[in-house]
């Protein structure tokens, strides 16, 4: 018997049992209906780094109530600034309104991928945010925020190609000492905001091999959109 | 009948239904400049019949498109759009659309005007523009998102130095606030047009020198990666 047929049989069986239960309770119409047991929903989130030479900092994955964690045209939150300048996801994972969170254990290198599983109950409307820094930059990050998952049935999946954002909190100087990734080993988060102070799409890095002689970045650190692929699957 | 045949039949029924039901809809077009440091000149937003277009990739720019792409002047395109009974919203932002800023154009389409086109010049560039070419407006109520690329009109060499905005005038127009945001004294990146047809813009090169160098464009700020604009279309009946 095929698995799908087996499932149908099981579902029919449950239906019959429920009908039988209803018959049995005919004399107890005034009894309150028992609260339905919450169903647990599990999502698997996979991120693939498709850049040339931009490791992605330990990924922050959050299921949360309806809220955007950043918006093009708005000022970055301090939690986002901390992540986008230094790759530290701890403040982002601690934002209010989360239902479940996962943190990447290590950076996801170019050509690599990592998967995370998060579970919530169906009584909660879950929205997904994923965010990670391109570590060989001043303050570039990628991700998605406030993606509604309610339409996803079991085994459904969706794939998204992610653009690169500029947090707008640190000038894209590419100068020695300002980039935390292996291309420089410089400073991460700095509370000073010396750029547009507005989240935008990223203009791209220039590199010393292009027209920025003082850049610590090389041709391979340049990137284009998209920079990562995200696959979201409801597994339960 | 197999299922695939049936779904094909259903699909053609749906398509036929759509064609019959093409009707006036209320359209709200929200346009956001996604870039870090590129300004959009006054936008032209039009709904027109599917057989018309403001530009076509791989074809030479019209003189009206050239005037828009080199100097931000949409009056020629607006006149042409009126001549074909397009629905038009000109300059919804009331001037430049700043980096990351949003503007909204609202109109009711005439029955046969089911294609949406949008253009505006990108500053600082020589003849770069953001464009949407004949996007089919859904007849079904809902919210739809489209991302737009940057095009090169192919009518002016991308020398990336200060100049004029009249068609044929070399160099880039630099209205305020651009005059204070770009460099000066650049020697010029190139004097040749590599592709005289409308094409995807190769991007600004710029340089790190505000007083000389090859370009008057700031390389860390006034570049972009596609897409450069997000368009959110809300259709109501």
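Determine, at each q value in 0.11 (inverse angstroms), the log₁₀ of I(q)/I(0) that the Debye formula gives when each Cα of the protein assembly as shown is one equal point scatterer.
Listed by q, the Debye log ratios stand at -1.00.
Say we join alpha carbon atoms closer than 10 Å with springs in a Gaussian network model of chain A; which of A:49, A:172, A:190 then has the biggest fluctuation?
A:190
Could you work out the mean count of beta carbons from other protein chains within 10 Å of each residue's beta carbon in A:203-214?
Mean partner shielding for this stretch: 5.
Within 10 Å of each Cβ of B:220-228, how many other protein chain Cβ atoms are there on average?
Counting Cβ atoms of other protein chains within 10 Å of each residue's Cβ and averaging gives 6.
Return the calculated 222 nm mean residue ellipticity for chain B, to the nearest 500 deg cm²/dmol, obtained by summing -39500 (n - 2.57) across DSSP H runs with n ≥ 4 and dividing by the residue count.
-5000 deg cm²/dmol
Residues of B:33-42, mean number of Cβ from any other protein chain within 10 Å of their own Cβ, rounded to a whole number?
Other-chain Cβ atoms within 10 Å of each residue's Cβ, averaged: 4.
Would you mind giving the average projected area, over all directions, of the Cα convex hull of region A:146-236 in nm² with one decimal?
Taking the Cα atoms of region A:146-236, their convex hull projects to 7.9 nm² on average.
Based on a Kirkwood Rh over C-alpha pairs, give the Stokes-Einstein translational diffusion coefficient of region B:63-186 at 37 °C and viscosity 0.692 mPa s in µm²/s.
The calculation lands on 207 µm²/s.
Ranked highest first by the average count of other Cβ atoms within 10 Å around their residues, in what order do B:119-126, A:174-181 fall?
B:119-126, A:174-181
Quick one: what does P(r) look like for region B:101-162 with 5 Å bins over all Cα pairs, in whole %?
Spelled out per bin, shortest first, that is 4, 13, 21, 21, 14, 11, 8, 5, 2, 0.
Taking the inverse of the average 1/r across all pairs of different Cα atoms in chain B, what Kirkwood radius in Å do you get?
18.7
Please state the Cα pair-distance histogram of region B:115-237 with 10 angstrom bins from zero: what percent is in each bin?
13, 39, 28, 13, 6, 1
Going by Cα centres, region A:157-198 and region B:173-213 are how many Å apart?
First find each Cα centre; the distance between them is then 25 Å.
With contacts defined as alpha carbon pairs under 8 Å and 6 or more residues apart, what's the relative contact order of region A:40-234 in percent?
Across region A:40-234, relative contact order equals 30 percent.
What percent do you get for the relative contact order of chain B when only Cα pairs under 8 Å and 6+ apart count?
26 percent.
Sum -39500 (n - 2.57) across every DSSP H segment of at least 4 residues in chain A, then divide by the residue count to get the 222 nm mean residue ellipticity, nearest 500.
-4500 deg cm²/dmol
What per residue convex hull volume, in Å³, comes out for region A:40-234 when only alpha-carbon positions are used?
For region A:40-234, the hull spanned by Cα atoms encloses 99 Å³ per residue.
Here, each number is a calculation from the coordinates, and none is a lab measurement. Quick caveat, the model's predicted, so the values are computed rather than measured. Neighbour counts are summed over all protein chains in view; Cβ atoms, including those assigned to glycine, are modelled from backbone coordinates with ideal geometry.
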